[in-house]
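Contents: one structure, followed by commentary.
The values are calculated or read from the model by the stated rules, or taken from the named source; none is laboratory data. Only a predicted model underlies this, so the values are computations on that prediction, with no experimental measurement involved. As a convention, Cβ positions derive from the backbone with ideal geometry for all residues, glycine included, and neighbour counts pool all protein chains shown.
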Amino acid sequence: MKRIIPSPLSRRDFLRQLLGASALAATGLGSNVALAQTQLAPAAATPFRFAFLTDLHLMKDGSLRSAEGIATCLGEVEKLTPRPEFILVGGDLVNACRDLTVPEAEQRLDLFLKIWHDHTALPAHWVFGNHDLVGTSLPHPPLTDRHYAKGLFHDRFNLPRLFYTFDWKGWHFVVLDDIALDPTNHYFAQLAAEEFPFLQADLEAHRATPTILCTHIPLLSAAPFSLAFAKQSGMQAHSPRTLVCTNAGEVYADFPRHDVRAVLCGHLHHYERLEMNGVSFINSGAVCGNYWKGPMLDCVEGFGVVDLPAQGLIAFDYRGYGWKA
């Protein structure tokens, strides 16, 4: 990466110091994490299963066996019984598009899509990640190219907006875009102003419908607020703006009056689950682990299996797919 957000530590070093702590041991890491469940209202929606895959990070020309790894992961998803009805994809499809020219980014994303469509026919819903930005870290960004920044994602996935909703068997899903650019073209985690009236109106229209939200960068995470390790590392106990959504509090304000059950996110490449006022905040581990170089701080390469059974439980099972870097 050519340009980074000014910070006392790099993102990866920050994760090593904070996420490696025993304070997060209770999040349950490993290749086959126990089911985490949240009680729903008695009137349950129709049962079904979907898969949550995030942070796939296809490398240049599929290097570090990243192409093979993505194919292997999709193969394991296809083998699940019962078979998922769709895949929710949490962003960062290819690695470091910020550093690529538009033609380079097009080539890499098209390779990703070929791998994807060669190995699964499941419907997919796509979330935008910070690595999906195109050309924003170049010395001379291609500002006028329609595929610059978020344009390529809009085009390839036919998404007029990167925040949208869909429904499935009595459940409502809201996909939000929390990737923003500051005046110096550095990314940070923030929902755009136009997303809030959209979200408020949508939640109000689905007040009695069980709802799941999804963003790329977490709306809530314990890691950046670990006081003991912040003190040990000499850092202030605050959340770097690239790790947790900076205006997530405005989202939480709408939760109590609606039936929001869970928020699914990625970005940290580490499995973490928090419960707040009946809402499960689930930050999934990454398909690529530590960028195809092995597990990320003991969190193996994996994906989430989400079951919404008739008895009214939402169950998230983080599973490794047996990848060896």
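A few remarks follow.
- Tally, over region 75-94, of residues that are free of Cβ contacts under 8 Å to residues at least 24 places away in the same chain, assigned to a helix (DSSP H, G or I) and not basic (Lys, Arg): 0
- Within the set Ala25, Ala51, Ala21, the sole residue that is in contact with a helix residue (DSSP H, G or I) (Cβ under 9 Å, 6 or more places away or on another chain), at pLDDT below 70 and over 18 Å from Gly294 (Cα atoms) turns out to be Ala21.
- Subset of region 134-161 that is touching a Phe, Trp or Tyr at 6+ places or on another chain (Cβ under 6 Å) and in a loop (DSSP other than H, G, I, E, B) - its residue that is surrounded by the most Cβ atoms within 10 Å (Cβ to Cβ): Gly135
- Scan of region 138-155 for residues that are touching a strand residue (DSSP E or B) at 6+ places or on another chain (Cβ under 9 Å) and on the phi < 0 side of the Ramachandran plot, ordered by number: Pro141, Pro142, Leu143, Asp145, His147, Tyr148, Lys150, Gly151, Leu152, Phe153
- Count of residues meeting criterion [in contact (Cβ under 8 Å) with a residue 60 or more places away in the chain and in a loop (DSSP other than H, G, I, E, B)] in region 286-305: 10
- Search result, residues across region 95-126 that are more than 21 Å from Leu143 (Cα to Cα) and in a loop (DSSP other than H, G, I, E, B): Thr120, Ala121, Leu122, Pro123
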